[in-house]
Amino acid sequence: KAVLSEDQEAGMAEMRPMKGSVPNQLAMGAAGGYTTTPLSVSGFALPPAVQWAGGTWEIIGDDSQVLVTILKQNEELITEPGSLLSSGGYFEPTIVMGGMGAGCKRSCCAGESCFRVAYKNNLPAEQTVTLTPSYPAKIIPLDMAQHPGGVNLTRAAWMSSFGRQHEFDLAQAPSCLAACCGGQGCFYTTLKGPGMTFVNAGGTALKRTLAPGEVVVVDTMALVAWESTVQIDVQTVGGFMMMCCGGSGCFNTKLTGPGLIIVASMSGDRMRTAYMPYTQQGGGGGGGDGG
């Protein structure tokens with residue numbers, strides 16, 4: 001084994017990356033004299049790590065997370081179709097729409113499924129249902145009791161809720177410009193009601209509570225959810241060259257507080273856009289040299 005001098009050891013130590021971090025991130029930032037992190041200065045924060053606290057649900061995993069729930073007798077879990085990972089062998093899941101009109105509105109106007117899947121435990125013994133998002137994503141719990149006015153959701157953001165007391169509806173974009181250029185379409189899904197609900201977001205999710213009148217601008221495809229008290233609008237990304245060459249389109253989403261907002265680095269819409277070129281490269285697969 002080669003023996004290194006003290007200077008060589010010091011140099012190697014400077015080059016070693018810190019566990020779970022960018023190499024020398026703290027050392028490189030120390031020269032600026034900042035005592036708070038850039039994330040704190042931005043006003044955003046990572047959702048707190050969800051640790052099981054004795055309740056009937058638990059989120060596990062790091063990136064493609066899993067929601068494990070316990071249902072007591074007569075308790076019910078409503079989920080997005082295709083979310084099931086596993087369940088007890090005694091469930092008879094049913095399809096619910098919340099009314100034919102509500103289901104059709106969600107499908108035709110908000111890009112959501114007409115249907116919801118309900119898992120109800122009809123037995124005295126407790127049963128488990130395990131769910132996972134329909135794409136690689138993190139699961140964010142929302143205690144709707146803290147948002148009595150409800151929250152607005154982008155397409156495919158909602159994953160599951162306990163019980164049927166939640167009310168799904170549609171809200172219209174505040175202006176024609178926001179409808180055409182805000183990334184949410186003419187309508188978006190609203191959710192109101194007590195109890196726990198779960199949304200999913202790909203990549204890294206950030207949350208922020210805006211003060212009254214406080215404004216933040218986000219990419220149109222980064223938004224996941226925003227409280228009903230938050231006003232949503234659009235603004236241009238800049239001048240002509242920025243619109244054509246900046247890679248962000250012509251408009252960004254403008255959010256004005258008060259209220260909670262959740263953004264993600266790889267939302268469902270952004271992931272679909274990223275993978276679309278590869279999904280459209282199909283065709284011609286079954287041929288051979290027939291001859």
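A few remarks follow.
- Within segment 63-73, the presence of a residue that is open to solvent by less than 70 Å² (accessible area, probe 1.4 Å) and of a type in the set (Asp, Glu) is excluded.
- All told, Ala205 falls short of being modelled with pLDDT of 90 or more and either assigned to a helix (DSSP H, G or I) or farther than 28 Å from Asp62 by Cα (or both).
- Matching residues in segment 150-175 - criterion: being closer than 23 Å to Pro48 by Cα and in contact with a strand residue (DSSP E or B) (Cβ under 7 Å, 6 or more places away or on another chain): Gly150, Val151, Asn152, Leu153, Thr154, Ala157, Trp158, Met159, Ser160, Ser161, Phe162
- Residue within segment 126-143 that is under 23 Å from Pro258 (Cα atoms) and without any contact (Cβ under 8 Å) to a residue 60 or more places away in the chain present: yes
- Screening segment 226-244 for residues that are open to solvent by 50 Å² or more (accessible area, probe 1.4 Å) and in a strand (DSSP E or B) and picking the one that is nearest to Cys176 (Cα to Cα) gives Asp233.
- Taking (1) part of a loop (DSSP other than H, G, I, E, B); (2) at pLDDT below 80; (3) open to solvent by 60 Å² or more (accessible area, probe 1.4 Å) in turn, Gly32 satisfies each apart from (3).
- Listing of strands (runs of 3 or more DSSP E) fully contained in segment 118-187 that carry 1 or more residues being charged (D, E, K, R), on the phi > 0 side of the Ramachandran plot and crowded, with 22+ Cβ neighbours inside 10 Å: none
- Cβ separations smaller than 9 Å between residues 6+ apart or across chains give the following pairs from segment 200-227 residues that are on the phi > 0 side of the Ramachandran plot to residues that are basic (Lys, Arg): Gly203/Lys138; Gly203/Arg270.
- Taken over segment 46-67, the criterion of being at pLDDT 85 or above and either within 30 Å of Thr256 (Cα to Cα) or under 18 Å from the mean Cα position of the chain (by Cα) (or both) is satisfied by Glu58, Ile59, Ile60, Gly61, Ser64, Gln65, Val66, Leu67.
- Filter result for Thr220 (more than 25 Å from Thr130 (Cα to Cα) and either open to solvent by less than 20 Å² (accessible area, probe 1.4 Å) or not in a strand (DSSP E or B) (or both)): yes
The values are calculated or read from the model by the stated rules, or taken from the named source; none is laboratory data. From a predicted model like this one, the values you see are computed outputs, not experimental measurements. Don't worry about glycine lacking a Cβ; one is built from the backbone with ideal geometry, like all the others, and counts go over all protein chains shown. Each accessible area value is taken on the protein alone, full model and side chains, heavy atoms only, with ligands, DNA and RNA left out. Shrake-Rupley method; radii C 1.70, N 1.55, O 1.52, S 1.80 Å.
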